[in-house]
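Everything on this sheet refers to the single structure shown next.
The values are calculated or read from the model by the stated rules, or taken from the named source; none is laboratory data. All of these numbers come straight from a predicted model, not from anything done at the bench. Cβ atoms come from the backbone with ideal geometry, glycine included; neighbour counts cover every protein chain shown. Calculation scope for accessible area: heavy atoms of the full protein, side chains included, ligands and nucleic acids excluded. Shrake-Rupley method; radii C 1.70, N 1.55, O 1.52, S 1.80 Å.
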Amino acid sequence: GHVVSLIDISPYKFDKPGGAGCPEHTWVAPVPDIYRGKHRTGSGESEEELGLKYAKDVDDIIEKMGTQHGRKPAAFIAESLQSCGGQVIFPDNYLPEVYKSVRAAGGIVIADEVQVGFGRVGTHMWAFQTYDEGLVPDIVTMGKPMGNGHPIAAVFTTPEVAKSFGKTGIEYFNTYGGNPVSCAIGNAVLDVIEKEKLMENAIKVGAYLLEEFKKMATKYECIGDVRGRGLFVGIDLVKDRESREPASELAKTILTRLKYKQILIQLDGPSSNVIKLKPPMVFSLENAKHLVENVDLVLAEL
């Protein structure tokens, strides 16, 4: 988002050139990236143990809030799968543990499903459900795929949170909120997801992409990690597998070469070294094969 209140809670905005830096009322938890984060694979620890370490980082922040600043957390917000951060899949126990800690300290928890919701993961409608069937945020934000190009977004929340919003005594008004055109488009998108079995497609095509790019990793040393769920896949490019140093220039070269082949991809992550695959939900097996073949051709040439 571009409003000040959202920029204030987004390192993706305030840490970029021109940003004002982290506000004093915002605390940033370490990204639970088990491939290149502060707690990572290769240390002999299991994914569950790494998840607990990252959750402990949040506990430490909450404690610091109280002891050094006399504050309690108002809210914890995180994408259910981190997209712009580099296609990061959290350890399964991370969000459940963090949600428990934040709620125990008096805060609410918010799941950002703007990029990863609406069946993209295939197995579930919402990405946060992939970690634990019983995981329920207090607020869920959604948009982008909700209108398939039409500008529409929504906030889902609990009755308790909704009542607290109403208690401000200030009437909420939005000129275009709930307009029939946008609602009809949102309903049409849900119909298409169901009727065209796009979640099943995400499972099938996503599994193919993961399998093929993991095979490719045995062929090319520059592929350090392949991760994803459904049609949300990341290919982490490295200069060296031991140090995991990001191969940012190589990633840019691959992006450019593929563009000449009429294939558009995106790079993400702090070092822009992760190939981000988040295609339309109608992306077919034939499309996936075409992509894999051309990435293979490009890497063979480099």
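For this structure, a couple of remarks:
- The simple Förster model, with R0 at 25 Å and r as the Cβ-Cβ distance, assigns Thr158 and Tyr12 a FRET efficiency of 0.40.
- The chain - share of DSSP beta bridges that are antiparallel (%, nearest 5): 70
- Span-rule helices in the chain, defined as complete DSSP H runs reaching 20 Å or more along the axis (Cα) with Kyte mean at least -0.5: 180-195, 198-217, 285-301
- In units of the compact-protein estimate 2.2 N^0.38 Å, region 202-302 shows a Cα radius of gyration of 0.98.
- Note: relative contact order over region 171-286, using C-alpha pairs below 8 Å and six or more positions apart, is 22 percent.
- Rounded to the nearest 20, the size of the Cβ-charge dipole of region 145-295 about its Cα centre is 200 debye, with Lys and Arg at +1 and Asp and Glu at -1.
- Cut-off 11 Å (backbone N to label point 7 Å along Cα→Cβ of Val136), residues of region 152-191: 158-160
- Unit charges on C-beta of K, R, D, E only; dipole of the chain, Debye: 560
- Among the listed pairs Lys16/Lys278; Lys214/Lys289; Lys197/Lys278; Lys56/Lys144; Lys13/Lys167, those whose Cα-Cα separation exceeds 21 Å are Lys16/Lys278; Lys56/Lys144; Lys13/Lys167.
- Charges were assigned to the Cβ only: +1 to each Lys and Arg, -1 to each Asp and Glu. The resulting dipole of region 21-179 about its Cα centre is roughly 400 debye.
- Applying 1/(1 + (r/R0)^6) with r as the Cβ-Cβ distance of Arg71 and Glu196 and R0 = 41 angstrom yields a FRET efficiency of 0.30.
- Ordering Met281, Ala111, Pro73 by the projection of their Cα atoms onto the charge dipole of the chain, which places +1 on the Cβ of Lys and Arg and -1 on the Cβ of Asp and Glu, puts Met281 at the extreme positive end.
- Taking amide hydrogens as placed 1.01 Å from N in the peptide plane, the amide H of Ile152 sits under 5 Å from those of Lys144, Gly147, each at least 5 positions away in sequence or on another chain.
- Counting only heavy atoms of the protein chains and using a 1.4 Å probe, Thr175 has close to 100 Å² of accessible surface.
- If you take the Cα centroid of region 263-302 and the Cα centroid of region 132-169, the two points sit 31 Å apart.
- Estimated 222 nm signal from helices in the chain, with DSSP H stretches of n ≥ 4 weighted -39500 (n - 2.57), rounded to 500: -12000 deg cm²/dmol
- Rounded if a/c under 1.5, otherwise prolate or oblate - region 29-117, Cα gyration tensor axes: oblate
- Label-point separation, Asn294 to Ala20 (7 Å along Cα→Cβ), nm: 4.2
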